[in-house]
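Let me begin by presenting the structure, written as structure tokens, before commenting on it.
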Amino acid sequence: MEIVILGGSRQIGKLAADAIEQLIRRKPDAVLGLATGSSPLPVYDELAARHEQGLDFSRASAFALDEYVGLPAGHPESYREVNVHGPDGMAADVPAACEAYEQAIIAAGGVDLQLLGVGTDGHIGFNEPGSSFASRTRIKSLIEQTRRDNARFFDSLAEVPHHVITQGLATIMAARHVVLVATGAQKAQAVRDFVEGPVAAICPASVLQFHPHATVLLDEAAASALKLADFYRHTYENKPAWQGL
Ligand code: GLP
């Protein structure tokens, strides 16, 4: 796991966009895994700016990490509204929709680069604490802390669904490169737990310690509880230029 501590969201957006741009130039039909939430927004802003300057995504495809169950088509908080492949949160047969989603990812050739945020409880996608490291796309119940965290996107807490469909931890681990973005002091404990704590289902993001190519981009606030922060800074500053992310 590579930990990169940067000055702020803008630099994080640029660095993640660099990795995506290099991928798209090397492999124009690359498969991107996209996360919702506020953390990746600077990355999307930067990619939109580069697209306006000519970066071509027309042959690329994208898969969402997760979706709420029961939000009708057209609901602004339905993750499918972001116009990428997504699990069908309105499916009558949810297990069949989950299996179809796994097959669609495989048919596309697998995810080349998966962008991730992290929840304050250490979840990735919507894999809440206790999720199996072997899990694939499936229905999950949200922990109240996550419903409260996400209530800001809805008119009230009562409107946040209790159920979601999410790629599993094993689905996420199959991505060739994982780039996790976390910003703000409210993420500091989760970051410390998954980067430096034990690998354990109580902290789902800790499974990334087993990923052969995981990059974690943090601002100073999100990195503030890390024991080895100085070592990560030193390592990144002295990294050979040819290595990239
Ligand atoms: C939701 C999403 C996650 C995201 C998390 C953190 O629960 N399902 O994919 O990482 O929120 O969101 P934010 O980046 O807004 O803090």
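No lab work stands behind these numbers, since they all come straight from the coordinates. Computed from a predicted model, the values in this text were never measured in an experiment. Note that we place each Cβ from the backbone using ideal geometry, even for glycine, and neighbour counts take in every protein chain shown.
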For this session: Take every DSSP beta bridge with both residues inside the chain and express the antiparallel ones as a percent of the total, to the nearest 5.
Result: 30
For this session: Restricting things to alpha carbons, find the Rg to Rh ratio for the stretch 78-193 using the Kirkwood radius for Rh.
Result: 0.95
For this session: Provide, as a two-decimal number, the C-alpha radius of gyration of the stretch 188-240 over 2.2 N^0.38 Å, N being how many residues it has.
Result: 1.15
Problem set entry | For the chain, calculated [θ]222 nm from helices alone, where every DSSP H run of n ≥ 4 adds -39500 (n - 2.57) | -9000 deg cm²/dmol
Exercise. Does the stretch 136-192 come out rounded, prolate or oblate, given a ≥ b ≥ c as the square roots of the eigenvalues of its C-alpha gyration tensor, rounded meaning a/c under 1.5 and, failing that, prolate meaning a/b above b/c?
Worked result: oblate
Exercise. Å³ per residue of the Cα convex hull, for the stretch 16-88?
Worked result: 94
Exercise. If we sort 6-14, 213-221 on the protection proxy, mean other Cβ atoms within 10 Å, highest first, what's the order?
Worked result: 213-221, 6-14
For this session: Using Cα centres only, tell me the gap between the stretch 29-82 and the stretch 166-230 in whole Å.
Result: 21
For this session: Taking every Cα atom in the chain, find the radius of gyration and the maximum pairwise distance Dmax, and write them in Å.
Result: 17.2, 53
For this session: Find, among the chymotrypsin sites (Phe, Trp or Tyr not before Pro) in the stretch 123-162, those assigned to loop by DSSP (not H, G, I, E, B) with at most 13 other beta-carbon atoms within 10 angstrom.
Result: none
